[in-house]
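*Asks:* Have a look at this one.
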Amino acid sequence: MQIALRKIRDRKQPFEIDEKGVACRGEFWRSGGHEVTIVGKIEGDILLACDRCGENYTETLDEPFRLEVVDRPLKVEESLDVIECADGIVDFDTICHGEIASIESEYHLCPKCRQVEDFEIEL
């Protein structure tokens, strides 16, 4: 789903994107002249690889997120939760895909490895 930033109004509107069996849903609205706020939640089951043993396992997600989308150049001191859309198009599919990819790239332990507190690390 893509919407031109200039067409988004200050009234909250719902969105829902499904990807890989995971739902990304929430609301968006214009929060400034060149800014849109997106507040949502990522829910569903996702296949992850354990970073300790390497086994695949399924994790149930229930992750909230809040992002700002702007159509102007960002300053260095601005938040990392700001996305610049130079073409003026808010692409919800890409945003949700990026949020899911971010979760996948985190450090994950399977249920079996979460129970093991003592493990060796080679330096």
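The values are calculated or read from the model by the stated rules, or taken from the named source; none is laboratory data. Since we're looking at a predicted model, the values are computed, not measured. Here the Cβ positions follow ideal geometry from the backbone for every residue, glycine too, while neighbour counts run over all protein chains shown.
*Asks:* Consider ILE100 carefully, then state whether it is part of a helix (DSSP H, G or I), of a type in the set (A, V, I, L, M, F, W, C) and either within 20 Å of the chain's Cα centre (by Cα) or at pLDDT 80 or above (or both).
*Replies:* Numbers: part of a helix (DSSP H, G or I): yes; of a type in the set (A, V, I, L, M, F, W, C): yes; either within 20 Å of the chain's Cα centre (by Cα) or at pLDDT 80 or above (or both): yes.
Answer is yes for this residue.
*Asks:* Follow-up. Of all residues being free of Cβ contacts under 8 Å to residues at least 40 places away in the same chain and surrounded by 14 or more Cβ atoms within 10 Å (Cβ to Cβ) in the stretch 42-65, which is nearest to the chain's Cα centre (by Cα)? Just the residue, please. Full working, then the answer.
*Replies:* Taking the stretch 42-65 and keeping what is free of Cβ contacts under 8 Å to residues at least 40 places away in the same chain, we get 43-45, 47, 54, 56, 58, 60, 62, 64-65.
Next cut, surrounded by 14 or more Cβ atoms within 10 Å (Cβ to Cβ) only: 43-44, 65.
On the way: GLU43: 11, GLY44: 13, PHE65: 6 Å.
My answer is PHE65.
*Asks:* If you don't mind, there's one more thing I want to ask. In the stretch 99-114, how many are surrounded by 12 or more Cβ atoms within 10 Å (Cβ to Cβ) and without any contact (Cβ under 8 Å) to a residue 24 or more places away in the chain? Walk me through it before giving the result.
*Replies:* We begin by selecting, within the stretch 99-114, every residue surrounded by 12 or more Cβ atoms within 10 Å (Cβ to Cβ); these are 99-100, 102-104, 108-110, 112-113.
Now drop any that are not without any contact (Cβ under 8 Å) to a residue 24 or more places away in the chain, which leaves 102.
Residues that pass the stated criteria total 1.
*Asks:* Go through the residues of the stretch 6-25 one by one and say whether even a single one is touching a residue at least 60 places away in the same chain (Cβ under 8 Å), in a helix (DSSP H, G or I) and either more than 19 Å from the chain's Cα centre (by Cα) or buried (at least 16 other Cβ atoms within 10 Å of the Cβ) (or both).
*Replies:* yes
*Asks:* Among the residues of the stretch 74-89, is there at least one that is among the basic types (Lys, Arg) and touching a His at 6+ places or on another chain (Cβ under 8 Å)?
*Replies:* Residues of the stretch 74-89 that are among the basic types (Lys, Arg), as a first pass: 75.
Filter once more, so that each one left must be touching a His at 6+ places or on another chain (Cβ under 8 Å): none.
No - not one qualifying residue is present in the stretch 74-89.
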